[in-house]
Structures are given as C-alpha cells and as structure tokens.
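The structure under discussion appears below in the form of structure tokens.
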Amino acid sequence: MDFSFTEEQSMLRDTVASYLADNYSFDQRRAAISKEPGWSPQVWKAFAEELGILGAPFSEELGGLGGGPVENMIVMEEFGKALVVEPYLGTVVIGGGFLKHSGHPRAAELIGQIIAGEAIFAFAWAEPQGRYNLADLKTTAKKDGAGYVLNGHKAVVIGAPYATHLIVTARTAGGQRDAQGISVFLVEKNAAGVSTRDYPTVDGFRASEVTLENVQVEADALIGPEGQALPLIEKVMDEAVAATCAEACGVLRKLHEGTLEYTRQRKQFGQPISAFQVLQHRMVDMFIQVEQAVSMTYMATIKLGEDDKERSKAAAAAKVQIGKAARFVGQNAIQLHGGMGMTDEMAIGHYFKRATMIENAFGSIDHFLARYEFLSLGEAA
C-alpha cells in the first residue's frame, strides 16, 4: 500500500511544523495552559487566517483546502509533536465531520465559521455510566412542537470550556442501551439550561461536566436522522480515533527522541548511559513500537473511506497498537529519565501525560480489542 505523500500534503506538514517551531515552544505552551483561558485564541486565529489549516479536510466548494482524513492526520501528528491544546480535534475533525457527513442544512454556513476560526465545537457524548458505549445514554431529547427539549449530564467534554457549540448525543426513543433511538443535536453553548463545571485535565487540556436542563432547541438542531444516528456517530468517531492516533504518533516520536538525547548526555561510570547495551536494546524496542504505531495509524487513515466494518476494524486495531505503544514508550521514557522526568519543568513528563490520556481516549485497549473481535467474529465473539 502506498504511504507516500503528495507535494501539497508535504507542504502542509512543513507549514504546520514551521509555524509551531516558531510560535509554540514548550515554554510558550506551558505559559498558556497555566492561566485562563487555558489555550491561545491568538494561535487559533493564526491557524485560521495565516495558515488556513482549519479548512484542511474540507472541500474547496466549502472554502477548504480540498483535503480529507490524510490532511487531518498530517496536522494532528505535528500537533502531537508540539503538544498543541487548541481544539482542532473537537472542532475540525468531529464538528466538521458531523456537519459534512450528515448533509445538515446549515453545514456550509457552520463549516465556513469553522474555517474562519469563529465556531468552536466540543463533542458531548460520554456519560458517567457509559463505559465507552456510544449507545448507553440517559440524556434524553423529547419532542416539543417542532423542536426538542434536552435533559441530561455529559462527562469529561474536552474543549467545552472554550467552545461556542456542543454536539450532543441523546436518546429520542428506546431503552438506555438500544442501538436504535439515538439522535445527535447541535446546541449553542450559551443556550438557556446549559451549565458547565470546567476543570483542567492532567495533560494540560480543559474539559467540562455539562448539564442540560430543559434545553430547548429548534428542529434544525437535529444532525442526521432522528433515532437512527448511531452509524453516523460511529463514522465520525472512527475518524476522531484515527486523528487521535496521528497525534499520538507525534507524541511518541518526541518521547523517543527526547529519551535518546537524554541518554547521550547523562553519564554514569564515565560514559554516556546510551553506550550501555541493555539500554540500547530498550530504546530499539521503543523505536519499534513507534514505527508500528505510525504504520497502523496510516493504515487506519487510508481505510476511513471503506465500508463501515473495515473502517471500524482498522480504527480499532490502530487504537489498540497506539495504546500499547503509549504505555510502553511513555513508561520507558520516564524510567530512563529517572524521577526528574516527571517534573513540570521537563517536557518529557508532559509528553508522558498526554500519551497516558490518549491511551484511554474514546476507549481503553481492552475496549478496542473487544470491538475488533466483535467486528471480526460477530456474536460468536
């Protein structure tokens, strides 16, 4: 399978990498996340106006660059290398994904706002009892005239503190875990009845507990078919998983590179510890894990255009490999750095924290292993 990039894709990578090298150093990021609002609106504006990368996966007819999942992968991998906290995943990949795949009547308008850096989305899907099950929903949406009334609680909504819009999954019919009866709604963050409890996450991002209390939305807030939205959610989620795997590849590369550099500088018994054969073997194992993660991510990204089963299997397989690599590479990076690796002043600890969060993003290793098994064997699994 051809994993080579086009000239335009290589230019996109170089553009993003160059901007981040000049404007998003470790110290600049650390300063931004240590104070309110916990991210940089100026950087987001630059992504929109100077680089134009918020339009990377959208068609030229919508004002984008005419790309797709590969462009998302390129951007997210570079973001992983710099530990970018700005909400590209929630806004461009997930928010934009729901809009362009659903045929929503306001899709062109809202995607235009995304590309311009004006609309910021957060995906409110997880619930305390859900355990990664997309269909396990207590949040309800009941018909009220032409519109709906939403009630429920969403947990750990990444990016919600600075979002303008929430994409909310809710049950319009059926039992708590039924595959049928699930709908998706576009809710303005400042709508009456929406309340949030905001907090920082261990990796420097921001999240919210979102409570919906008698939130009234119009009929055009519905994204996709009423009660039949689970396939749409799974499609967008697979794209989000692939993009997160791409971010992880950037994080893993930096963990490996940072460890190599440190072991060349750290001396013991009069020589760099990188000269010790047992540590060389350890770092080779880390390198193998990184390369396997990259290959699986590329494969998953390429297969996002295939049928539902093959797409989901590839995404699940990639997430399993990413989870294993994040744990192995991250833990070995910290061990080889010693206790100083977890200090706030050293970048390696921040990469480790992000790798640890990614390991369980959208589902744990066990969750995606079970999903791959079910997709491969069906009920026999």
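Let's see how each residue does on (1) of a type in the set (A, V, I, L, M); (2) touching a helix residue (DSSP H, G or I) at 6+ places or on another chain (Cβ under 8 Å); (3) closer than 22 Å to L304 by Cβ:
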| position | (1), (2), (3) |
| --- | --- |
| I111 | yes, yes, yes |
| N151 | no, no, no |
| A155 | yes, no, no |
| I158 | yes, yes, yes |
| E188 | no, no, no |
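Checked against (1) exposed (fewer than 13 other Cβ atoms within 10 Å of the Cβ); (2) in a helix (DSSP H, G or I), A17 passes all but a single condition, namely (1).
Looking only at residues in segment 137-166 that are polar (S, T, N, Q) and touching a Lys or Arg at 6+ places or on another chain (Cβ under 6 Å), which one is surrounded by the most Cβ atoms within 10 Å (Cβ to Cβ)? Looking at the filtered set, the residue picked out is T140. Checked against (1) in contact with a His (Cβ under 7 Å, 6 or more places away or on another chain); (2) more than 20 Å from A242 (Cα to Cα), L336 passes all but condition (1).
Scanning segment 103-132 for residues that are within 18 Å of the chain's Cα centre (by Cα), assigned to a loop (DSSP other than H, G, I, E, B) and under 13 Å from A155 (Cβ atoms) yields a total of 5. Considering only residues in segment 47-66 that are assigned to a helix (DSSP H, G or I) and under 20 Å from the mean Cα position of the chain (by Cα), the one that is surrounded by the fewest Cβ atoms within 10 Å (Cβ to Cβ) turns out to be A48.
Name the residue that is farthest from P272 (Cα to Cα), counting only residues in segment 327-366 that are in a helix (DSSP H, G or I) and either assigned by TED's automatic domain parsing to the domain that holds I158 or hydroxyl-bearing (S, T, Y) (or both). Can you show your working first?
From segment 327-366, those in a helix (DSSP H, G or I) are 327-337, 339-342, 347-359, 365-366; that's our starting set.
After this cut, where a residue has to be either assigned by TED's automatic domain parsing to the domain that holds I158 or hydroxyl-bearing (S, T, Y) (or both) as well, the list is 351, 356.
On the way: Y351: 23, T356: 28 Å.
So, considering only residues that are in a helix (DSSP H, G or I) and either assigned by TED's automatic domain parsing to the domain that holds I158 or hydroxyl-bearing (S, T, Y) (or both), the one farthest from P272 (Cα to Cα) is T356.
Taking the criterion of being of a type outside the set (A, V, I, L, M, F, W, C) and within 11 Å of the chain's Cα centre (by Cα), the residues of segment 87-102 that qualify are P87, Y88, G90, T91.
The values are calculated or read from the model by the stated rules, or taken from the named source; none is laboratory data. Since we're looking at a predicted model, the values are computed, not measured. Note: ideal-geometry Cβ built from the backbone for every residue, glycine included; neighbour counts use all protein chains shown.
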